[in-house]
Amino acid sequence: MRLRAQRHGDRVVVRVLMSHPMENGRRRDEAGRLVPAWHIREVMVQLDGHTVMTAQWGPSVSVDPFLQFHLRGAQAPAGSRLAVTWTDSRGEQRRDETLIG
Amino acid sequence: MPSIAPMMNRRELLGHGARLAGLLAGLGLLPEAAQAAWREAAFAATDLARVWTALGISAPQESADIRLIAPDLAENGAAVSLGCATRLEGVRRLLLLVERNPTVLCALFEVGPAVEPDVLIRTRMAESSPVWAVALMDDARVLYARRTVEVTLGGCGG
């Protein structure tokens, strides 16, 4: 996962690029069989170990999802540790961290 | 050696939970209770009415305070940036919906006080469709902005 946090005035812009096939269950393979749905369902954002945002996603989020959100700068001082974790419909997880500048 | 620690009864435990949730909210954090289970029915819904029912929403109101971030025209439906933002205080959840997708609800965000209600994701759009940015407020109001995005090439496959 690519994770970037940039301070702009009184907010921190966070951009996340996740790597995931995000199969929506409607695509057919070369043999004409439906490829089963397999997509990120939950995203958790933690600041210094505390959950500050969660998301649930359906199958219509794009392949290799891009997410942008904003932290309030006062709540995310320089040196805060930002972690993003996704969990997909198979229960697989990926977590990445970055330090906020 | 057997444990001699007193067992907490259910009522005490719930009371502690409520106090903890209040404490966490004061710190700008999301209480664990907000991290709800996967909302199967809402994400399986094939029309708006079923999404509202599954999420317990009754009377959404159009509001100029909600900003829908979306292109007027998307050449490729496989990756359309959709966002929802507002300067209002007291936002609990944000939703993004594509009315004519096979399943209507794209994303649901639970935002704690440390997060500004301003999120954006890339979505797939099967065809030209009205899209919705919805904010669920602490005072139970449901506010939305809605606009049609024209899609040249659908992006849902199948």
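Taken together, the values in this text are just the output of simple stated rules run on the coordinates, not laboratory data. Everything quoted here is computed from the prediction, not taken from an experiment. Cβ: placed from backbone, ideal geometry, glycine included. Neighbour counts: every protein chain shown.
Just a few scattered comments:
- Couplings 3J(HN,Hα) for region B:63-78, derived from phi with the Karplus relation 6.51 cos²θ - 1.76 cosθ + 1.60 (θ = phi - 60°), are 9, 6, 7, 9, 10, 9, 9, 7, x, 6, 10, 10, 6, 10, x, 6 Hz, where x marks Gly and Pro.
- Calculated on the Cα set of chain A, radius of gyration then Dmax: 15.7, 54 Å.
- Summing +1 for each Lys or Arg and -1 for each Asp or Glu among the other residues whose beta-carbon sits under 9 angstrom from that of B:Leu136 gives +2.
- Across region B:37-153, the relative contact order, built from alpha-carbon pairs under 8 Å that are at least six residues apart, equals 32 percent.
- Viscosity 0.890 mPa s, temperature 25 °C, Stokes-Einstein D of region B:37-153 from Kirkwood C-alpha radius, µm²/s: 173 µm²/s
- FRET efficiency estimate (nearest 0.05) - Cβ-Cβ, A:Asp10 to B:Glu89, R0 22 angstrom: 0.90
- If you take all other residues with their beta carbon under 15 Å from the beta carbon of B:Ala64, and give Lys and Arg +1 and Asp and Glu -1, the sum is +3.
- For A:Arg11, nonlocal amide neighbours, meaning residues 5 or more places apart or on other chains whose placed amide H falls under 5 Å from its own, are A:Gly73.
- Length-normalised contact order of region A:1-73 in % [C-alpha pairs under 8 Å, at least 6 apart]: 37 percent
- Cβ-based net charge around A:Ala37, under 11 Å, with every Lys or Arg adding one and every Asp or Glu removing one: +2
- Qualifying trypsin sites (Lys or Arg not before Pro) in region A:10-56, where qualification requires a DSSP coil assignment and no more than 11 other C-beta atoms within 10 Å, comprise A:Arg33.
- Shown here for region B:38-110: GluC sites (Glu not before Pro) in loop regions (DSSP other than H, G, I, E, B) with at most 13 other Cβ atoms within 10 Å, namely B:Glu89.
- In order along region B:139-148, the Karplus-derived 3J(HN,Hα) couplings, from 6.51 cos²θ - 1.76 cosθ + 1.60 at θ = phi - 60°, round to 8, 6, 5, 10, 10, 9, 10, 9, 7, 8 Hz, and Gly and Pro are given as x.
- A:Arg27 long-range amide H proximity, modeled H, under 5 Å: A:Val35
- Relative contact order (%) - criterion: Cα under 8 Å, at least six apart; region: region A:36-78: 32 percent
- Backbone phi angles across region B:88-95, fed through the Karplus curve with coefficients 6.51, -1.76 and 1.60 (θ = phi - 60°), yield HN-Hα couplings of 5, 8, x, 8, 9, 9, 10, 10 Hz in residue order; Gly and Pro are listed as x.
- Amide H contacts of B:Ala79 (H built 1.01 Å from N, under 5 Å, at least 5 apart or other chain): B:Met125
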